[in-house]
Structure formats: structure tokens, C-alpha cells
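My questions all concern the structure below.
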Amino acid sequence: MTQFKAVLGVGGGIAAYKAAELARALIERGFSVQTVMTEAAQEFVRPLTFAALTGNKVITSMFGARSADEVLSSSVEHISVARDNQILVVAPATADLLARFAHGLANDFLTTLYLAFTGPVLAAPSMNTAMWEHPATQDNLALLRSRGVHVMPPDSGPLACGTTGAGRLPDPERIAAYALRLLLQRHDLDGETVLITAGPTREPLDPVRFISNRSSGKMGYALAEAASLRGARVLLVSGPVNLPPPDNVELISVQTAAEMHQAVMAHLEEATIVIKAAAVADYHLARVPPQKVKKTAMRLSLELDPTPDILAEIGRRKRDQLLIGFAAETENLVPEAKRKMETKNCDMVVANFVSQDGTGFESDENEVVMVMRTGETVSPPRGQKREIAAQILDQALKLRLALHSKS
Ligand code: PMT
């Protein structure tokens, strides 16, 4: 279901192909997308790519090959596109586009639209490092920022021109999340500090081997993104995952359960809400051999010790914090969640059924039951982890109100 309307302005840079991924990421976040391409952008990617992805006609020029009548009937198209959309996202924003925006030129559809657009504008620049650092570009950016344009600075790394430095288009997922954040007016987590754990832990067996599990971190990262979008300061304690951290989140990377335990305890006092979505290893090898264990023909047994139960310790130490645990279960979902809530002194336990295809570990979707201290259980329909994350936060705020009104 689309909730928001965005214009995606695509500039003529090598990163134009990544704008296709951005269109998809925006659609996944509930946007309908109207693409506008500069003439140069069309040298890099065909408009058909965007038309197919967005299901909307792509605007490629001010007048195109239209007849005089057609031009007259649609001569104010830039005004209607400006009026009908809530946000203008420009990616890649080339040095040329930034200059034309900054100096009020209206010499193609995108620059004319920019002048007519009264909603938020998000520019994601991408270019060669020397062009990015040039005083002309920096002055144009300063001018645009002073007029309220939101600018996502480019990432650093290897560039298409063969050099390395600042100039890479930020990850399209991050640009889409930023666009959503600009539109979401809900600030119901303003002033909160949410401490979230995510991903697996890795318990070494020797310098090259470890015990771990299938957690991808997607559930915890979705919670971090959702909490940050709603105004919270987010501390994300993450095991090793292959996900970029959401914007405006303080990432604390850890490997082992012991490191996760230490990081969580170090920040516990700052948190108003703690969410333990990580899949923490329950056992580890207490004495890890310093050298790689050699293969022999003999049977090898491992004697493992329990890791610290971080959730249980937070449950013992917590004062005012709202504590939300997760439970990955293959049977008896609700009774197990209730047992964990009692034994670990949680306020809510989010139980996932992890033996079902397409939910739980690694997948983009999840199906959960939220079991509350008040005795209530809430079972939202199966959905994207982002949607589930939003519902967990909604229920957390409702639960806190209910618990406070009781006390
Ligand atoms: O990361 P994804 O691929 O998106 O998958 C999501 C998920 C399935 C990992 C996640 O939603 C989930 O269920 N996380 C908890 C997994 C788990 O370890 O469950 P558990 O039932 O073993 O542990 C219960 C709770 O105790 C969890 O909140 C866990 O973080 C916590 N725990 C467990 C062991 C330990 N030593 N310390 C802990 O704090």
C-alpha cells in the first residue's frame, strides 16, 4: 500500500544506475515514485528501467517530441508534479545539478521542478572527489543547505574514475530511509534512548573457527531504524552482520556474547527502553587455544561453558527501563514466551516461530506473538520486519502507559 509520494530526480552521473535500486527501496517503504531524468542521466540508464520499476511514466524533458497542442495542455506539468508529490529526492545529485539548483536555473524539467517544489528536498550527491571538494561545489552546497535542502554527504571508497575518496552515492536503502524520516511527523520516541541488540554472536573455537547461528540482524536493524525514525537516540549493539547500520544510530560492534554483555551493561543506565533481538550464543569455549586445532583421526569433544545471560541480568538490574526480550521457538510459542518473561523479568517478550519458511532467521518477513506483562497477547499478521518493528514499538509505548497507570 502506498502512503507517500516522491519525485525521484536522476542526474547524469555513473551512479545513475543505483537510482534504480533507490526507486525500489522507496517503493518498499510505501512510496509511489515519479521519476524525472535529466538528459545526461538518460545516457547512463534507460527511462524504461524506471518506468518498469515504478509503474509510472518517466519524465525525460520539458517539451519532448510532443505536438504544440500537447505541450500547451501539459505546459504546467512541472507545477502539477510539484503539487502532487510530498518529497523531491535527487540522486545522484551531480555537481552540475547542485550548481543549477543553487543559482536558480530552470533550463530543464528537473531544475524547473526544483524551483516550483515547496516540500522537502533531499539531495544525495555523487561525483569525483576533486569535484566534490572543489570550493564551487562546497559553496553551492552551503547555499542549498542554508535554504533548507537536506544533503546526504557521499560515502568514501573506490570511485568509477579509478581514484579512491569521497564521492560514492550513499547506499540507496539509507537514502530511502532518510526520505521516509523527513516525511514521518511522528516523534513519539523523542527524548527516549533505545538500546537494541541485533545479530548473532561468534564464539571462537580457535583462531579460525567459531560457533554462531543464523541470525542476520535484520529484525534488530529494522527496530533500530524504526526507533530512530520516531525520534529516539538509538544505541545498536550488533554482532557480526552484513547490513549497513541505519542512519543516526550509534553502532557498537561486538563479536562474542561476553563483548555484547559488556557493551550492554556499559550503556544500560542511559537506556529508557531495551530491546534484545540478538541471537546470543548460549555456550562458548572458555579457554580458546591460541593456535589452529590440527585435524587428527581421533574424535574431538568440546566442553562448552554457558555464556552470561544478558537478558536475565538486565531483568535483575533494571529500574525504570522497559525491557523487551525475544524468543526464538520451534514449538510452544506462547507458553515459552511467558516462561521467559517471568524468569527474566521482561515487560514484553516477542516470540517468533522459527521453524516456518520465510519468517524468523534471515528472512525479510517475520511472524510474531507479543506477550505482555499485563497478560495481553498481540499477534499482528505476518509482514515485513520493518512493519513488525513499527508494531513492536507501538505496543511498547502502549504497554508502558498501561504499566505506569497501574503503579
Ligand atoms: O536476525 P534475524 O535474521 O532478523 O532473525 C531474527 C531473530 C529470529 C534472531 C530474532 O527475532 C530473535 O528471535 N532473537 C532472539 C533469538 C534468541 O536467541 O532467542 P532465545 O530464545 O535463545 O533467547 C531469549 C532472549 O534472551 C533473547 O532476547 C536473547 O537476546 C536473550 N539472550 C539469550 C542468551 C544469552 N546468553 N543472553 C541473552 O540475552
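The values are calculated or read from the model by the stated rules, or taken from the named source; none is laboratory data. Remember, it's a predicted structure, so these values are computed and weren't measured experimentally. Backbone-built Cβ (ideal geometry, glycine too); neighbour counts: all protein chains shown. Ligands, DNA and RNA are excluded from the accessible area calculation, which covers all protein heavy atoms including side chains. Shrake-Rupley method; radii C 1.70, N 1.55, O 1.52, S 1.80 Å.
For ALA166, state whether it is among the small types (Gly, Ala, Ser), open to solvent by less than 50 Å² (accessible area, probe 1.4 Å) and within 18 Å of ALA20 (Cβ to Cβ). If you could, list the steps in order and put the result at the bottom.
On the way: among the small types (Gly, Ala, Ser): yes; open to solvent by less than 50 Å² (accessible area, probe 1.4 Å): yes; within 18 Å of ALA20 (Cβ to Cβ): no.
Criteria not met by ALA166.
A further question on this structure: With (1) within 8 Å of the ligand (Cβ to nearest atom); (2) among the acidic types (Asp, Glu); (3) surrounded by 14 or more Cβ atoms within 10 Å (Cβ to Cβ) as the list, and ASP364 as the residue in question, which single condition is left unmet?
Going through the list (1) within 8 Å of the ligand (Cβ to nearest atom); (2) among the acidic types (Asp, Glu); (3) surrounded by 14 or more Cβ atoms within 10 Å (Cβ to Cβ), ASP364 breaks only (1).
Tell me, which residue of the range 32-51 that is among the charged types (D, E, K, R) and farther than 14 Å from ALA93 by Cα is surrounded by the fewest Cβ atoms within 10 Å (Cβ to Cβ)? Talk me through it step by step, then tell me what you get.
Pass one, the range 32-51, residues among the charged types (D, E, K, R): 39, 43, 46.
Add one more test, that the residue is farther than 14 Å from ALA93 by Cα, and what stays is 43, 46.
Details: GLU43: 11, ARG46: 13.
Checked the range 32-51; the qualifying residue surrounded by the fewest Cβ atoms within 10 Å (Cβ to Cβ) is GLU43.
Residue-by-condition table, conditions (1) of a type outside the set (A, V, I, L, M, F, W, C); (2) farther than 20 Å from LYS18 by Cβ; (3) free of Cβ contacts under 8 Å to residues at least 12 places away in the same chain:
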site	(1), (2), (3)
GLY104	yes, yes, yes
PHE109	no, yes, no
PRO125	yes, no, no
TRP132	no, no, no
THR137	yes, no, no
LEU144	no, yes, no
PRO158	yes, no, yes
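Moving to a separate point now. Can you name the number of the only condition in (1) in a loop (DSSP other than H, G, I, E, B); (2) within 11 Å of the ligand (Cβ to nearest atom) that ASP320 fails?
Condition (2) is where ASP320 drops out.
Can I ask one more? Could you list, in sequence order, the residues of the range 187-203 that are more than 16 Å from the ligand (Cβ to nearest atom) and part of a loop (DSSP other than H, G, I, E, B)? Break it down into steps so the answer makes sense when it comes.
Quick first cut of the range 187-203, residues more than 16 Å from the ligand (Cβ to nearest atom) only: 187-193.
HIS187, ASP188, LEU189, ASP190, GLY191, GLU192 - these are the residues of the range 187-203 that are more than 16 Å from the ligand (Cβ to nearest atom) and part of a loop (DSSP other than H, G, I, E, B).
Taking the range 230-252 as the search range and keeping residues that are among the polar types (S, T, N, Q) and within 15 Å of the ligand (Cβ to nearest atom), which one is least open to solvent (accessible area, probe 1.4 Å)? Full working, then the answer.
Residues of the range 230-252 among the polar types (S, T, N, Q): 238, 242, 248.
Checking the rest, the ones that are also within 15 Å of the ligand (Cβ to nearest atom) come to 238, 242.
On the way: SER238: 2, ASN242: 153 Å².
Once the filter is applied, the top-ranked residue is SER238.
If GLU250 passes every condition in (1) modelled with pLDDT of 95 or more; (2) under 20 Å from LEU393 (Cα atoms) but one, which one does it miss?
Failed condition: (1).
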